[in-house]
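Chemist: Before I ask anything, here is the structure I am working with.
The values are calculated or read from the model by the stated rules, or taken from the named source; none is laboratory data. All of these numbers come straight from a predicted model, not from anything done at the bench. Here Cβ is always computed from backbone atoms with ideal geometry, including for glycine, and neighbour counts include all displayed protein chains. Surface accessibility is based on the protein's heavy atoms, side chains included, excluding ligands, DNA and RNA. Shrake-Rupley method; radii C 1.70, N 1.55, O 1.52, S 1.80 Å.
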Amino acid sequence: MLNMLRYFREAVPFKFWPATITTLVLFALLLVPTPEGLTPKSWALLAIFITTIVAIILKVMVIGVMSMMAIMIISLSQVTADSSKAAIADALSSFSSPLIWLIVVSILISRGLKKTGLGARIGYIFISLLGKRTIGIGYGLAVCELLLAPFTPSNTARGGGIVHPIMRSIANAFDSDPEKGTQGKIGTYLALVNYHANPITSAMFITATAPNPLVVDFVAKATNNDFHLSWGTWALCMLLPGLVAILLMPIIIYFLAPPEIKHTPNAVTFAKDELRKLGKLRPPEIVMMSVFILLLVLWADVPAMLFGPAFKIDATVVALLGLFLLLLTGTITWDDVLSEKSAWDTLIWFGALVMMAGQLNKHGVISWFSEGLRSGIVSSGMSWEMAASVLVLIFLFSHYFFASTTAHISAMMLAFLTVGVSLIPPEYVNVFMLIMAASSCIMMTLTHYATGTSPIIFGSGYVTMGKWWQVGFVMAVCELIIFAVVGGIWWKVLGYW
């Protein structure tokens, strides 16, 4: 018996006190009477979701195990269906999501950049141009994001599939590797800059992320077509606040997550020497570069622009095509695919979170929350300025409960915009609409599951979850202030209020 107890004490992977707190949270929520407007099952589903988030935050076990636990509990409890067969179908439903497979395949493709050495070559080129200081490399990544944003409707493909492999190559050039415990040298900082450039650039163009056209549609519906955001109008309105945010973001992160290597006076010489050692492009690099360019062209919807919408190809299909070409040419092998643990780990934990967020929406929890908020604001008698602020803040920070910007926008945005129009004087409605549009992208900063890009970069291991959430919250607040203040002044100049 003593041997068994010793074995379990040493082998069981969960942390006792965090596990105890998490369990108490679950039972406390389940003991609360079901709120009016929800069914007992939908309330139980919300309790499971909140408990899972608490377990992840407290690091009860690794995130993949916590996600498997959530899938198991939802299946056993049958909170989404009337039979275990239907419940397990619900619990596994998100694993057929194209978004999730886009993330997984993007991670697998990025392995080719490392294996062929092309990623290192690109990294050395960046270092040779901007490598005198770490912050200069950060600005290089941000500018790369900005240049790609108007032409890449998938922010996941842009930040996770294109920029992230370059970032990893630069980090590796400085021997900053999570597997060696040296991520703090430069990798943590660059990974955070890599990620936080993504929400900012997504906010700057309608074509920079998939949900933006939905935002345009909701704005038009809420204002009875009085305010329609064309591509040019959106880009002009978001130009100045977006550029200010891009300019300040690397500096803010520099203080929040300072790299150990700050000055790199020899980096330019080092990079040029390494480029000379690499010599001319080798055949595997040429194949990888060709596939990379093909992916960029297809992700940017160039064929559709040239030949019409019939030639539009879904971003996940494009990613699968790229992966197949790399396998077909021997650039990467099937063993490479099987050994990429971060991709398969991401498939499990991100899939579970997307599933729970989708089920919350399907079973009316999100609409219940939105309606309750509307009624509360109307009955409170607060000023319209306060009401507008509350709507923006709750909309943005409620993204902690979502693993998809599209799901969040679909579930809540039209309701919030409609409430805003009913409470805000007509001359200020356009400003509210623009801040809400920006917030629909700013909210991506918050968590490591906020959008498709986040699990790719988080999964690379350069940033701890605590640091990710800390920086994410600060950046969300900073970017909201930038878009409200700088954007507000800019929109006044443009005549929108």
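Chemist: Counting only residues that are assigned to a helix (DSSP H, G or I), in contact (Cβ under 8 Å) with a residue 40 or more places away in the chain and open to solvent by 50 Å² or more (accessible area, probe 1.4 Å), how many does the stretch 63-92 have?
Modeler: 2
Chemist: Same structure, new question: Can you pull out every residue in the stretch 27-47 that is under 18 Å from Ala357 (Cβ atoms) and aliphatic (A, V, I, L, M)?
Modeler: If the condition is that a residue be under 18 Å from Ala357 (Cβ atoms) and aliphatic (A, V, I, L, M), then Leu29, Leu38, Ala44, Leu45, Leu46, Ala47 are the ones that fit.
Chemist: Could you list all residues from the stretch 480-497 that are in contact with a Cys (Cβ under 9 Å, 6 or more places away or on another chain) and either among the basic types (Lys, Arg) or outside any loop (DSSP other than H, G, I, E, B) (or both)?
Modeler: Gly487, Trp490, Trp491
Chemist: Among (1) modelled with pLDDT of 95 or more; (2) surrounded by fewer than 16 Cβ atoms within 10 Å (Cβ to Cβ), where does Ala44 come up short?
Modeler: Going through (1) modelled with pLDDT of 95 or more; (2) surrounded by fewer than 16 Cβ atoms within 10 Å (Cβ to Cβ) one by one, Ala44 breaks only (2).
Chemist: In the list Leu294, Leu325, which residue meets the criterion of being surrounded by 15 or more Cβ atoms within 10 Å (Cβ to Cβ) and either assigned to a helix (DSSP H, G or I) or out of contact with any strand residue (DSSP E or B) (no Cβ under 9 Å at 6 or more places or on another chain) (or both)?
Modeler: From the options Leu294, Leu325, the qualifying one is Leu325.
Chemist: Now for a separate question. Only residues in the stretch 13-24 that are free of Cβ contacts under 8 Å to residues at least 40 places away in the same chain count as the first member; pair them with residues that are open to solvent by less than 80 Å² (accessible area, probe 1.4 Å) and small (Gly, Ala, Ser), Cβ under 7 angstrom, at least 6 apart or cross-chain, and list the lot.
Modeler: The qualifying pairs are Thr22/Ala55.
Chemist: I need the full set of residues from the stretch 333-362 which are open to solvent by 60 Å² or more (accessible area, probe 1.4 Å) and either of a type outside the set (Asp, Glu) or under 18 Å from Phe49 (Cα atoms) (or both), in order please.
Modeler: Trp334, Leu338, Lys341, Trp344, Asn361, Lys362
Chemist: Looking only at residues in the stretch 297-322 that are of a type in the set (Val, Ile, Thr) and in contact with a helix residue (DSSP H, G or I) (Cβ under 6 Å, 6 or more places away or on another chain), which one is most open to solvent (accessible area, probe 1.4 Å)?
Modeler: Of everything passing the filter in the stretch 297-322, Ile313 is most open to solvent (accessible area, probe 1.4 Å).
Chemist: Can you find a residue in the stretch 264-277 that is open to solvent by less than 40 Å² (accessible area, probe 1.4 Å), part of a loop (DSSP other than H, G, I, E, B) and of a type in the set (A, V, I, L, M)?
Modeler: Within the stretch 264-277 (the criterion being open to solvent by less than 40 Å² (accessible area, probe 1.4 Å), part of a loop (DSSP other than H, G, I, E, B) and of a type in the set (A, V, I, L, M)), the answer is no, since none of the residues qualifies.
Chemist: Another question, then. Can you tell me which residues in the stretch 95-117 are within 15 Å of Ile457 (Cα to Cα), open to solvent by less than 10 Å² (accessible area, probe 1.4 Å) and polar (S, T, N, Q)?
Modeler: Hit for the stretch 95-117 is Ser106, nothing else.
Chemist: Would you confirm whether any residue within the stretch 173-186 is closer than 19 Å to Phe151 by Cβ and at pLDDT below 95?
Modeler: Start the filter on the stretch 173-186 by keeping residues that are closer than 19 Å to Phe151 by Cβ, which leaves none.
Among the residues of the stretch 173-186, not one is closer than 19 Å to Phe151 by Cβ and at pLDDT below 95, which makes the answer no.
Chemist: In the stretch 297-338, which residues are farther than 13 Å from Thr152 by Cα and aromatic (Phe, Trp, Tyr)?
Modeler: Within the stretch 297-338, Phe307, Phe311, Phe324, Trp334 meet the criteria.
Chemist: Return the residues of the stretch 330-366 that are more than 13 Å from Ser97 (Cα to Cα), of a type in the set (Val, Ile, Thr) and modelled with pLDDT of 85 or more; say none if nothing qualifies.
Modeler: Thr331, Ile332, Thr333, Val337, Val365
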